[in-house]
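Input: a single structure, listed below in structure tokens.
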Amino acid sequence: MKRNAQDLSLSSRRITRRALMMGGLQLGVGAAIFGRMQHLQVDQADEFLLLAEENRIKVRLIAPARGVLFDRNGVMLAGNEQIYRVSMIREDADDVDAVITYLRGLVKLDEETLQRALREMDRRPHQSVTLADRLTWEELSTIAVNVPALPGITPEVGLSRVYPLGPDYAHVVGYVGRVSERDIEAAAEQGTVDPLLQTPQFQIGKIGAERQLEDVLRGTAGARRVEQNAAGRIMRELGRTEGRSGADVQLTIDAGLQNFTQARLGTESASAVVMDVNNGDIIAAVSSPSYDPNLFVSGISVPDYAGLRDNDHRPLHNKIVQGLYPPGSTFKMVTMLAALESGEISPGETVYCPGHTTVSNRRFHCWKGAGHGYVDMAKSLRESCDVYYYDLAQRAGIDRIAAMARKLGLGKAFDIEMTSVSEGLIPDRQWKRERRGEDWVIGDSLNASIGQGFVLASPLQLAVMTARIASGLEVEPRLVRSVDGVARPSSVKGPLDIPRSWLEGVRNGMYQVVNAQGGTAARSKFDMGGIRWSGKTGTSQVRNITAAERARGVSRNEDLPWERRDHALFVGYAPHDDPKYSVSVVVEHGGGGSTAAAPIARDIMLYALNGGIPPIDAYPSGQRGQMEQLLSELPINPVLRREGTGSSEA
């Protein structure tokens, strides 16, 4: 059928309109595509370039060298040694099992370390995890040659902590260890997590000065930019920014005296502290027995840790600041000064000792059953009469005794760079009411007056107490001497608020303890070129003696099981006429202070004064042969051995 002109015209117009619509639609789509391409290729070019670079370029942190710890004379106590290790990033490895199998064919892998690494990689697949450390140079070289066949594997040269003097400083310096999840959680709770904590095998301080000085010793990280291929293999290093090493720290400890003290304590469960009485410097601080902190750096084995944990002498326990003991008769100077301050007694007054005191139908015994007769201030210290102090306690009262104890440094957790520093216990009426819900009774005061009952003190506190009595200064203990060469201020707050005449009376009594006939430590006296010393013995009970035991005669300490024997204590200072050092020694279950603690304290003090091994002629003539043999057999580090100068400078 033929179409007329009108139909043809209408059809033509329709086709033209459709063509225009299709063309417009095509043009619009093309414009949109062009705009999108422009946005991606031009506007976002920098962003996509950065993403591409991130796939090709990785940033690796460079752990800084940890600061070094030195003693007061520049002897290194904690340093860094170069080690070789191999690490792996799970997400960069094509087949983890295949890579590890290949690696096993090159070097021997410790199974326990490997399993721990695999567990860690499951938790952190994007982070580097160490598979093996402390490799030999040959092993590292073998891995480096085969790196093209080991995707995700990186051979590295790093630093690890080392303690060249081993057990001597375990309780003072402490040790470092690998960062744990608990460490990261603790850092997160404080607000920020240092990226260094995420780096493989990074070590942080766990206890002691290493932990307390972590912020000073750690330093800041550096970084290096490396180019990787699609398989995750490092092709080249593009740039490096060095970090800042940690600060070097000098402690107040003398390595020679520390080593001698450790050797002199031997296998005893004991502790000793030596302080400079004029500035508070801790010259030696030893807890015995000790352990090798190097065992903890890479992770101590289960058998080694069990051996330390189950030892009844508690080598892991820092007895210097954590050990709390009834101070026994070393506390008597506190009671004496409190009584003088109360005005209830004069220096020349005497008290009669029949061997006991009866209060409220209870008998409190003196250590000497027959009694001491009439006792004045000097004699009470020289012969350690308990009845004299029972009388003072009833006159002065516990609150005055407690106040004087705190004035002398007891009952306080000192701010020094050690962990878990204990404050001890100086009880008073309020303490017993709040903690035990009971009223204070007079018997509590009598027990406290001779350092028994509730009273507890650490060896560090006893050294501070003795330093304050000797110097008349309110000294605080100081462990850090300088940081990066910048000296730390000494810890002297000023003179004690105690009259000089009272302190001189106490010092006179302490002098007689070791230098007068009848003194409880007379066998531990010395005379080194006219230099003598003063001190006080102490014996603290760890069990109550029953009436039945007294009736049949109390068993000697040496006849009892070790854990039931009394603790032995001694505190002293020297020279007696110009005090320089104080010392405290506690021998757990050692028996008597005069027989177990005083001889050790004497030898330590002689070393400090002499600047080396004590001279034999400083000892009483009857003891020189015995002491010469004892000193010659001590396991002293030959590197630190000093024969002494004969001076009073350490």
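Derivation of every value follows stated rules applied to the coordinates shown; laboratory data play no part. Please read these numbers as outputs of a predicted model, since none were measured by experiment. Note that each Cβ is placed from the backbone with ideal geometry, even for glycine, and that neighbours are counted across all protein chains shown.
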*asked:* Quick check for me: using +1 on Lys/Arg Cβ and -1 on Asp/Glu Cβ, what's the dipole size of the chain about its Cα centre, in debye to the nearest 20?
replied: 1500 debye
*Using 14 Å as the cut-off for backbone N distance, which residues of region 245-260 belong to the label zone defined by a point 7 Å from the Cα of V639 along Cα→Cβ?*
255-256, 259
*Between R523 and S420, what length in nm is gained on full extension when 0.36 nm per residue of separation is reduced by their alpha carbon distance?*
33.5 nm
*Got a sec? How would T267, T199 order by Cβ neighbour count within 10 Å, fewest to most?*
T267, T199
*Between L630 and D617, what is the label-to-label distance in nm when each label sits 7 Å out along the Cα-to-Cβ direction?*
2.1 nm
*Can you pull the one-decimal nm distance between simple spin-label points at H317 and A223, each 7 Å off the Cα toward Cβ?*
4.9 nm
*asked:* Just want the ordering: I450, I300, from fewest to most Cβ atoms lying within 10 Å of their own Cβ.
replied: I300, I450
*asked:* Give me the base-10 log of I(q)/I(0) for region 62-251 at each q in 0.20 Å⁻¹, Debye formula, one uniform scatterer per Cα, rounded to two decimals.
replied: -1.45
_Reciprocal mean inverse distance between Cα atoms of the chain - Kirkwood radius, Å_ = 29.3 Å
_How far apart, in nanometres, would the label points at V302 and S501 be if each is projected 7 angstrom from Cα along the Cα-to-Cβ direction?_
7.0 nm
*Excluding same-chain residues fewer than 8 positions from K379, which aspartates and glutamates have a Cα within less than 16 Å of its Cα?*
E349, D391, E504
*Over 31 Å between Cα atoms, which of K332/K493; K407/K432; K206/K580; K432/K525; K206/K332; K206/K536 qualify?*
K206/K580; K432/K525; K206/K332; K206/K536
*Once the Cβ-Cβ distance between A187 and E138 is put in as r, and R0 is 22 Å, what FRET efficiency do you end up with, to the nearest 0.05?*
0.05
*Principal-axis tilt of helix 624-633 within the chain, Cα atoms, nearest 10 degrees*: 10 degrees
*Based on the Cβ-Cβ distance of Q430 and T350, what FRET efficiency does E = 1/(1 + (r/R0)^6) give at R0 = 30 Å, to the nearest 0.05?*
0.35
*How much length, in nm to one decimal, is gained on full extension between R309 and N278, taken as 0.36 nm per residue of separation minus their Cα-Cα distance?*
7.4 nm
_Please rank K536, K580, K493, K332, fewest neighbouring Cβ atoms within 10 Å first, as an exposure proxy._
K493, K580, K332, K536
*Would you kindly state how much longer the chain becomes between Y102 and V486 on full extension, computed as 0.36 nm times their sequence separation minus their alpha carbon distance, in nm to one decimal?*
133.1 nm
_Relative contact order %, the chain, counting alpha carbon pairs below 8 Å whose residues are six or more apart_ = 13 percent
*Pairing the Cα long axis of helix 332-342 with the longest principal axis of the chain, what angle in degrees results, from 0 to 90 and rounded to the nearest 10?*
80 degrees
